[in-house]
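A short write-up of the structure that comes next.
Quick note: the coordinates plus some simple rules give every number you see, no bench work behind them. Predicted, not measured: the structure shown is a model, and the values here were computed from it. For neighbour counting, all protein chains shown are included, and Cβ atoms are generated from backbone atoms with ideal geometry for every residue, glycine included.
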Amino acid sequence: MIELLNLCELAVETALKFGADEAEAFLTRGREISVRAEANELKLATSHAADGLGIRVFSDRALGFASVNVFDEQTIEETVQMAVSLSKATPQDEHNVLPEPRPIKTISGLYDDQAQAFGMDQAITQMEEMLAAARNYDSRVMIDSALVNAAIATHAVMNSKGIKAEEQRSLFSHFIMGMARDNEEVSSFNHRFDSARRASELDGKKTAMEFAGSVVASLGATRGESFAGTIILSPDAVLELMIGPIIWAVSANNVQKGMSRWAGMTGKEVASPMLTIEDNGQLAGGACSASFDREGLPHTHLTIIQDGVLQNYLYNSYTARKEGRGSTGHASGGTRSVPAIGPTNLTIKHGEQSKEELIGEVERGILVTRFSSSPNPVSGDVSGVVKGGFLIEHGKLTRPLIETMFSGNLFEFLSKLSGLSRETERLAFPQEVGLVSPYIRIDDVAITAG
Amino acid sequence: MHELLESLLGEFSGVEYGELRYHERKGLIVSVRQGELEAANSTVYSGIGVRAFHHGGWGFSSTSRIDRESIKGAILDAISGARAAGKKEGARLGEASLATGRFAPEIEDPLSAHSFEEKLALVRQAESKVRSFPFIASAACSYRENLDHKYIYTTDGARAEVIDSKPEFRLFGVAAANGDRVEARESMGITGGWTDLLRKDPDELAETVARRARDLLGAKHPAGERAVVILDPGLAGLLSHEAIGHTVEADFVLSGAITKGKLGQKVASELVTLVDSGPSQYGRLAGGTVLVDDEGVITERTEVIKDGILKSYLHNRESAALFEVRSTGNARAYEYSDEPLIRMRNTYIEPGDRTLEEMISEINEGYLLKGAGGGQADANAEFMFSVQEAYRIKDGKLGELLRGVAISGQAFEVLQSVDAVSKEFRFDMGAGYCGKLQMAKVDGGGPFVRCKAIIGGRK
């Protein structure tokens, strides 16, 4: 454990020796095993080391960055030299200053004591259970691919201002993807995934059966109709449709550079009063929690939107310094690039009605369980295809749909919310973003049939 | 490296096949937004990926430590993985043209001959050009290069050294007025050197981006409908890659994609010949050019659809054996720590004999669609992708510009509806990446293609 911080220290000191004014080293050393199935069968077992060192330097407030995945002294020295030489060629920027240390509180539950003992045999057993659960659900289920993954990594960060931190974390995840096939009819793809810090928190059979249920339910789908109606988004669809543009709009870098629709909107209403969104990087055991961020500052528990009113943007130290304020602890990224800005564990506050009640009140609409789109985060324009969906007529789900699209503007959708469910689901993309979300109902959306 | 790898091949005991792939990637990213430098990243990522095959199962391991003991350890891990996953006796790998010797694209003006300062200046100048227009609220520009050096050695005879060079250049502008914001993008990506990358003048490209963002800001949204559309070469490439290409990757076929059992059947208009090619055709080297794949197989030009008939799937050595054909050279790994998967390369529709003007003049009501955005497709070939610009066509004439939309449809139905294909051809996805468990650098393109598709609108 000492060794990693020693390597960081070597990198930082070498950078100062080569003429940098400030230096930061971020180092990851990890081991990962995974088992993959393809075309319904176990196919591949992998194990590999995930190592990396990223060095950021400022010389006369000019940036240089270099990274490498080999840790011998000579290579580290060459890499540092590259970072310093880049910093001699780049433009000065008065905000290029590394952060000062802040007290770090250790977040519990980020490492599973059983992780070291979790071996290939266990991963294979879990995979076989997942495959069997999906196949036994219905013979028409086709598994395109499935993955069981276990990773242990130690992250260390040190800078010339006195930041010095390291932490070991484990992450277990699984994924299953495929479709249902009934003679000539092929359903839409669907997938389910989950991840957690502890192996015991994951239930592969449950994930597999949810996946199987969703693809079988989408068999027999027919084209929809064109109308203006209500959509109800499942948590999966919320993640696909809403989270990217919202995070884009609240990332301080986009706000400061004219790329956010919500620039200058803190304290103002940006969504229906029903909407409250929080981000908590300090959540005990959270799949996206950590005791410190990419720059070695503690994450925070931050309210982004409260009752429809925009409260906070997400900052790293560079963007915070520009506004003369502190970082919110949202520096993100790995060893191969300069710190960016990213969310951790997001929660959308649930509502009071049940999912059934939300559906029951809809005269004509669509329950969207999976949505495929490329929402434009700058304009908020979104137009995409319902990949998993059911027509709602007179308060009841009547049939599965294909080739149905809906379009509009996401930021306008946010003010047209007409209900959030009591039920929530937890979704966690490994190392990207965690989300707890209810079903969300939006009125008056343009729906186009094929 | 040669002696080290050659001597280590003997360590693969108790398995049917072993593969050692050394891959060093030197990367550079320079990125400027609103006049501020956001990244000046130099990266080196190197190591050896080791793969073993036994009874139909694969084991993969990787190490960044290039010494005999570390590599031996990775070989043992790969062997035990393959033995644990392998349950099918008799499974084998297909025949292939295994590469021996050194393979490198022809590059006239290597990226290494240009300094970091020059690359930084290119990015700063282009970004400031976009920002110089008064209606532009925000601008960004980036340059990225990946320089690869690989050695691919297999127990059955591949002994290849592979060199690659893939630069990319991207521009982005946002126009804003009355609380509304619209973006426009342009990008270029190739296999090759500096001069080839910058064949289009970056200043002109910057002006194109800025003016398009402004024009789109004032544009209306189209109504949703099924319509006659002309796809530009980038969209033809995206359709070929995203909606058709993925459904003919043999691993997807095996798991039940819609193309299963359809070889020899008519799946598209006879005007359509769709190709996925490792080598590049038509001028400078396309961004997805791969001379030797990551199983050490010399790549080929694969005709997926020939005159409307489905001719071939895309194979690695394992799927080739199952289908009793030769590998098409589609096994690709993004970095040393990734295992090879069936991936596309340069995917495109072959040009036809019409002009764009003729194709427009024959449309009573429809759209000319330009500028590929993101896209996704399904096992049933249902696709969705976003389009930057939609021009209305009425009575054979090009009309007003409309806001970008998403288009969708079932890709084979769309290809069946093709009734005209232009002479003009270009690759236009060279800055693109495809994600399938790992990234892959791909390119795509085609002619202008007239067909029917669904447009997602606001009414």
Taking H placed 1.01 Å from N in the peptide plane, check which residues at least 5 places from residue B:393 or on another chain put their amide H under 5 Å from its amide H. B:366, B:367, B:368, B:399
Can you give me the Cα centroid spacing of the range B:92-113 and the range B:291-349 in angstrom? 15
Sort B:139-150, B:109-120, A:302-313 by the packing proxy (mean of other Cβ within 10 Å over each peptide's residues), most packed first. B:139-150, A:302-313, B:109-120
Compute the separation of the alpha-carbon centres of the range A:108-138 and the range B:404-447 and state it in Å as a whole number. 38
For chain B, what does -39500 (n - 2.57) per DSSP helix run (n ≥ 4), summed and divided by total residues, give at 222 nm, in deg cm²/dmol to the nearest 500? -5500 deg cm²/dmol
How large is the charge dipole for the range B:225-456, taken about the Cα centre, if only the Cβ atoms of Lys, Arg (+1) and Asp, Glu (-1) carry charge, to the nearest 20 debye? 160
Rule-of-thumb Rg ratio for chain B [Cα; 2.2 N^0.38 Å; N residues]: 1.03
Derived scalar couplings ³J(HN,Hα) [the range B:358-372; Karplus, 6.51 cos²θ - 1.76 cosθ + 1.60; whole Hz; x for Gly, Pro]: 4, 5, 5, 5, 8, 9, 6, 9, x, 9, 9, 10, 9, x, 6
Pick out, from B:410, B:422, B:379, the residue whose Cα sits farthest towards the positive end of the charge dipole of the range B:374-432, with +1 on the Cβ of Lys and Arg and -1 on the Cβ of Asp and Glu. B:422
Over the range B:11-126, one equal point on each Cα, no solvent: what is log10 I(q)/I(0) by the Debye formula at q = 0.12, 0.15 Å⁻¹? -0.67, -0.82
Set the Förster radius R0 to 45 Å, insert the Cβ-Cβ distance between residue A:182 and residue A:17 as r into 1/(1 + (r/R0)^6), and round the FRET efficiency to 0.05. 0.10
Cut-off 19 Å, label point 7 angstrom out along Cα-to-Cβ of residue A:398: give me the residues of the range A:358-379 whose amide nitrogen falls inside. A:358-369
With a/c under 1.5 counting as rounded, go ahead and sort the range B:259-360 into rounded, prolate or oblate using the C-alpha gyration tensor (a ≥ b ≥ c being the square roots of the eigenvalues; past the cut-off, prolate if a/b is larger than b/c, else oblate). oblate
Could you tell me the distance between the Cα centroids of the range A:2-45 and the range B:264-283, to the nearest Å? 43
Per residue, what volume in Å³ does the Cα convex hull of the range B:2-217 take up? 174
Round to the nearest 10 and give me the degree value, 0 to 90, for the angle of helix B:68-85's Cα axis relative to the longest principal axis of chain B. 80
Going by amide H atoms built from the backbone, whose H comes under 5 Å of the H on residue B:405, apart from near neighbours? B:387
Measure nothing but the geometry: give the 0 to 90° angle between the long axis through the Cα atoms of A:2-17 and the longest principal axis through the Cα atoms of chain A, rounded to 10°. 60
Lys, Arg +1 and Asp, Glu -1 on Cβ, resulting dipole of the protein assembly as shown about Cα centre, debye, nearest 20: 1160
Have a look at the DSSP beta bridges in the range B:2-217 and tell me what percent are antiparallel, nearest 5. 95
Nearest 10, in degrees from 0 to 90: the angle of helix A:204-217 to the longest Cα principal axis of chain A is 40
Under Karplus coefficients 6.51, -1.76 and 1.60, residue-wise ³J(HN,Hα) of the range A:90-103 in Hz, glycine/proline x: 9, x, 6, 8, 4, 8, 6, 9, 6, x, 7, x, 10, x
Percent of all Cα-Cα pairs per 5 Å bin for the range A:2-217, counting from 0 up to the last occupied bin, reads 1, 7, 13, 13, 12, 10, 9, 9, 9, 8, 6, 3, 1, 0
Rounded to a whole number, the Stokes-Einstein D of the range B:342-459 in µm²/s (Kirkwood radius over Cα pairs; 20 °C; 1.002 mPa s) is 140
Which ³J(HN,Hα) values in Hz, rounded to whole numbers, follow from the phi angles of the range B:120-134 under the Karplus curve 6.51 cos²θ - 1.76 cosθ + 1.60, where θ = phi - 60° and Gly and Pro get x? 5, 5, 4, 5, 5, 5, 5, 5, 6, 5, 4, 6, 5, 7, x
As a test of understanding, state the convex hull volume per residue of the protein assembly as shown from its alpha carbons, in Å³. 147
Label zone at residue B:266 (point 7 Å along Cα-to-Cβ), backbone N below 11 Å, the range B:294-335: B:308-309
Cα→Cβ-extended label distance, 7 Å offset, between residue B:55 and residue B:83, nm: 1.0
For chain B, give me the percentage of DSSP beta bridges that are antiparallel, rounded to the nearest 5 percent. 90
Number of partner chain Cβ atoms within 10 Å, mean per residue of A:370-377: 5
What are the principal axis extents of the Cα atoms in the range A:27-132, in Å, biggest first? 60, 32, 27
Among A:143, A:103, A:83, whose Cα lies farthest out toward the positive end of the dipole of the range A:2-217, if unit charges sit on the beta carbon of Lys, Arg (+1) and Asp, Glu (-1)? A:103
Test of understanding: express the Cα radius of gyration of the range A:222-449 as a ratio to 2.2 N^0.38 Å, with N the residue count. 1.03
Which net charge results when you count Lys and Arg as +1 and Asp and Glu as -1 among the other residues whose beta-carbon is under 12 Å from that of residue A:395? -3
Report the label-to-label distance for residue B:201 and residue A:323 in nanometres (one decimal), using points 7 Å from each Cα along the Cα→Cβ vector. 4.1
Rounded to whole Å and sorted largest first, what semi-axes of the equivalent ellipsoid does the C-alpha gyration tensor of the range A:333-380 yield via the square root of 5 times each eigenvalue? 35, 17, 10
Can you divide the C-alpha Rg of the range B:150-284 by 2.2 N^0.38 Å and report the result to two decimal places? 1.47
Note the full-extension length gain between residue B:163 and residue B:395 as 0.36 nm times their separation in residues minus their Cα-Cα distance, in nm to one decimal. 78.4 nm
May I ask you to list the residues of the range A:1-33 whose amide nitrogen lies under 15 Å from a point 7 Å from Cα along the Cα→beta-carbon direction of residue A:77? A:10-19
At q = 0.18, 0.23, 0.29, 0.31 Å⁻¹, what is the log10 ratio I(q)/I(0) for the range A:372-419, with the Debye formula run over Cα points and no solvent? -0.69, -0.93, -1.03, -1.05
What are the semi-axes of the equivalent ellipsoid for the range B:395-459, taken as the square roots of 5 times the Cα gyration tensor eigenvalues, largest first, in whole Å? 25, 17, 15
At what distance in nm do the modelled label points of residue A:354 and residue B:423 sit from each other, each positioned 7 Å from its Cα along Cα→Cβ? 6.8
Per 10 Å bin from zero, what fraction in whole % of the C-alpha pairs of the range A:1-59 is there, up to the bin with the longest pair? 20, 32, 20, 15, 11, 3
Once the mean of 1/r over all distinct C-alpha pairs in chain A is inverted, the Kirkwood radius in Å reads 23.6
Mean shadow area (nm²) of the C-alpha convex hull around the range A:360-450 is 6.6
Treating the range A:264-396 as a set of equal point scatterers at the Cα positions, no solvent, please give the Debye-formula log₁₀ I(q)/I(0) at q = 0.18 Å⁻¹. -1.17
Have a look at A:379, A:259, A:237 and report the one farthest towards the positive end of the charge dipole of the range A:222-449, computed about the Cα centre with Cβ charges (Lys/Arg +1, Asp/Glu -1). A:259
Paired Rg and Dmax values of the range A:213-280, which use every Cα atom, in angstrom: 17.0, 48
At a Förster distance of 60 Å, what's the computed FRET efficiency of residue B:178 paired with residue A:222, Cβ-Cβ distance as r, to 0.05? 0.90
Neighbourhood net charge (10 Å Cβ-Cβ; Lys/Arg +1, Asp/Glu -1) for residue A:331: -1
Taking amide hydrogens as modeled 1.01 Å from N in the peptide plane, which residues meet the under 5 Å criterion relative to residue B:443, leaving out close sequence neighbours? B:288, B:346, B:347
Estimated FRET transfer efficiency (residue A:61, residue A:9; beta-carbon r; R0 25 Å; 0.05): 0.60
